[in-house]
Amino acid sequence: MNNNGTTFLKMNNVNVFYDSIQALKNISLEVAKSEFVVLIGANGAGKSTLLKSILNIQAPKGSINFKGKELTKLHTDEIVANGISIIPEGHLIFNSMSVLENLQLGTYHGKKKEQSIENIFGYFPILRERKEQTAGTLSGGEQQMLSIGRGLLSDPELILVDEPSLGLAPKIVNDIFDILVKLNNVGYTILLSEQNAKKSLEIADRAYVLETGNIVMEGQADDLLNDEEIKDAYLGGSI
Amino acid sequence: MEFFIAQVLNGLSLGSIYVLLVTGFNLMLLVAKIIQFAYPQFVVISMYATWAVLRATNNVILAILVTIVVSIFLNLLSEPIFRRITSIKGTDINATFVASIGLSMVLVEIMSHSLNQGFPISFSDNWVGGSVFRYGIINISRSSIFAWVGGIIVVVAFFYLLYRTMVGRLFRAIAENRHVAKLFGIPIFKTSIMSYLIAGLLGGFIALLLSMLIGTASPWLGESVALKVLAVSIVAGLGNLKGGLFVGLALGVVESVAIGYVAGSWSNVIAFVIMLIVILAKPKGLFGAAVE
């Protein structure tokens, strides 16, 4: 699975508790460099928690290794500086700040700041037009583009994408998924959490299925797409 | 009429000081997420530092430097206390308010027992400066001009920092949503320390301007000022930096005009009654609160 012999992202026996409630149970998961991996599962299955545990937001127990570094010992800002960024659920951005300022904040851990912002405008020309506009006034789709653009500016190798389709029109969801595929093609490794199982299995290499904090199934995305159980549970029955 | 103008001009000088104080207070509130009631106490202790250096050396440059360093040092020194309190599970920002009131009381006790044996201090006429313009009873002193010009320069510099630099963007990001800021890899701890540092720098300037303007300080100065700073921040809208500029100046003027027409401490009563009315009419402040 590893193209170059060294581990890229490897989670081993990770547990996460919210007070007394266990949100993740003995999660073991691997993502190889340049892979596109999707986490599917119902609302509340623990997909978001899993992504946030990688960034050490909710004090995970167990081991999370990224390129030889133990992430559970690092602060979130150090993890981002090490090359992981998240595009959070609900296209979170700083609503009171301008589009440009949101992007400038994104470059905090990045290197070629000005040049990278130009690159983002290349991906999303609409953001250049609206760069002086307050981010809170953008449409949902534009906010998602800004959110993705911002996430790219810290020079990540691994991008965690949390439910990008939530609350967006189907046409825009397609655009967003196309962008994710493009990003994967140019070398970004992607770990996507998504309720839209069919669409995400179609574009991913591999998948993990989460149910109430457990990984209940894993495999090649194509195999899962044709799996009877998966079809029943996540793809709206046999097609 | 001349008398009224004279009081308004005095009020604008005092108001400049309130503006700077409430700006530092709001910065702590927005970025460090604390209600720093003891902030004006740090300013007063810094004024004692100014006084001590001037008395010992008569060196103005040294006095300015020491004042600023002392102010920054005191603010940074308080950071671990507030961090400890906010890291306790289940506490909210009110815990920092109570803690800072306690800290403020301790500082008053220390000052009243060990600084100048508890007696108020006075600054020399050289430091306070005389009149530079006189027209009838309108009298503009050098220290008033320093308070206006200094106030404007410091506020402009502060807003430049806030809106045109990376540090300012980090401040505003944390102010808007600390959770999202953390998720995006913004260093919360480092940025918070930076806010203490900037508030300390600001406090140093305030100590210098205030010592020139009122020419005196006492261990009890800080608490009366702290109440007004808190009131200004609430009336403007908690954490509303731009609103604080307006309300800070307005409080200075109202107070000063009131002093001109009614006896002594009634000016405080008038100022607070006006603010009470405003709060009853607009509970979230005149300009809207920036924090919950």
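The values are calculated or read from the model by the stated rules, or taken from the named source; none is laboratory data. Predicted model only: the values in this text are computed from it and were never measured. Every residue, glycine among them, receives a Cβ derived from its backbone with ideal geometry; neighbour counts consider all protein chains shown.
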request  = Looking only at region B:135-153, decide whether some residue is touching a Phe, Trp or Tyr at 6+ places or on another chain (Cβ under 7 Å), assigned to a helix (DSSP H, G or I) and within 12 Å of chain A (Cβ to nearest Cβ).
outcome  = no
message = Considering only residues that are in contact with a strand residue (DSSP E or B) (Cβ under 9 Å, 6 or more places away or on another chain) and buried (at least 24 other Cβ atoms within 10 Å of the Cβ), which ones fall in region A:89-111?
response = A:VAL99, A:GLY106
ask   = Out of all the residues in region A:113-129, is one or more buried (at least 22 other Cβ atoms within 10 Å of the Cβ), farther than 22 Å from A:SER34 by Cα and within 12 Å of chain B (Cβ to nearest Cβ)?
value = no
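Would you check if there is a residue in region B:175-184 being more than 10 Å from chain A (Cβ to nearest Cβ) and either in contact with a helix residue (DSSP H, G or I) (Cβ under 7 Å, 6 or more places away or on another chain) or of a type outside the set (Gly, Ala, Ser) (or both)?
So in region B:175-184, the residues more than 10 Å from chain A (Cβ to nearest Cβ) come out as B:178.
So of that shortlist, the ones also either in contact with a helix residue (DSSP H, G or I) (Cβ under 7 Å, 6 or more places away or on another chain) or of a type outside the set (Gly, Ala, Ser) (or both) come out as B:178.
Checking region B:175-184: at least one residue is more than 10 Å from chain A (Cβ to nearest Cβ) and either in contact with a helix residue (DSSP H, G or I) (Cβ under 7 Å, 6 or more places away or on another chain) or of a type outside the set (Gly, Ala, Ser) (or both).
Take B:GLY168 and tell me if it is within 14 Å of chain A (Cβ to nearest Cβ), surrounded by fewer than 19 Cβ atoms within 10 Å (Cβ to Cβ) and either within 18 Å of the chain's Cα centre (by Cα) or assigned to a loop (DSSP other than H, G, I, E, B) (or both). I'd like the intermediate steps shown before the answer.
Values: within 14 Å of chain A (Cβ to nearest Cβ): yes; surrounded by fewer than 19 Cβ atoms within 10 Å (Cβ to Cβ): yes; either within 18 Å of the chain's Cα centre (by Cα) or assigned to a loop (DSSP other than H, G, I, E, B) (or both): no.
When the stated conditions are applied, B:GLY168 does not pass them.
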inquiry  = Tally up the residues in region B:104-158 that are among the aliphatic types (A, V, I, L, M) and under 25 Å from B:VAL8 (Cβ atoms), please.
reply    = 13
ask   = Checking A:GLN133 against (1) surrounded by fewer than 19 Cβ atoms within 10 Å (Cβ to Cβ); (2) in contact (Cβ under 8 Å) with a residue 60 or more places away in the chain; (3) touching a strand residue (DSSP E or B) at 6+ places or on another chain (Cβ under 7 Å), which test does it fail?
value = (2)
task = For region A:66-100, name all the residues that are more than 8 Å from chain B (Cβ to nearest Cβ), under 17 Å from the mean Cα position of the chain (by Cα) and of a type outside the set (Val, Ile, Thr).
result = A:PHE66, A:LEU71, A:ASN82, A:GLY83, A:GLU89, A:GLY90, A:HIS91
ask   = Do we have A:ILE54 as closer than 18 Å to A:GLY151 by Cβ, within 8 Å of chain B (Cβ to nearest Cβ) and β-branched (Val, Ile, Thr) here?
value = no
remark   = Expected single match for within 14 Å of another protein chain (Cβ to nearest Cβ), of a type outside the set (A, V, I, L, M), over 27 Å from A:HIS109 (Cα atoms) and touching a residue at least 24 places away in the same chain (Cβ under 8 Å) among B:GLY203, B:GLY222, B:GLY239 is B:GLY239
inquiry  = Being among the β-branched types (Val, Ile, Thr) and over 30 Å from B:THR191 (Cα atoms) is true for just one of A:ILE21, A:ILE57. Which residue is that?
reply    = A:ILE21
inquiry  = Between a residue in region B:42-66 that is acidic (Asp, Glu) and any residue that is at pLDDT below 95, which pairs come within a Cβ distance under 8 Å, given they are 6 or more apart or on different chains?
reply    = none
message = Given (1) within 17 Å of A:LEU29 (Cβ to Cβ); (2) surrounded by fewer than 23 Cβ atoms within 10 Å (Cβ to Cβ); (3) modelled with pLDDT of 95 or more; (4) not aromatic (Phe, Trp, Tyr), identify the lone condition not met by A:ALA204.
response = (2)
inquiry  = Which numbered condition in (1) over 21 Å from B:VAL70 (Cα atoms); (2) away from chain A (no Cβ under 14 Å); (3) surrounded by 21 or more Cβ atoms within 10 Å (Cβ to Cβ) is the only one that B:LEU210 fails?
reply    = (1)
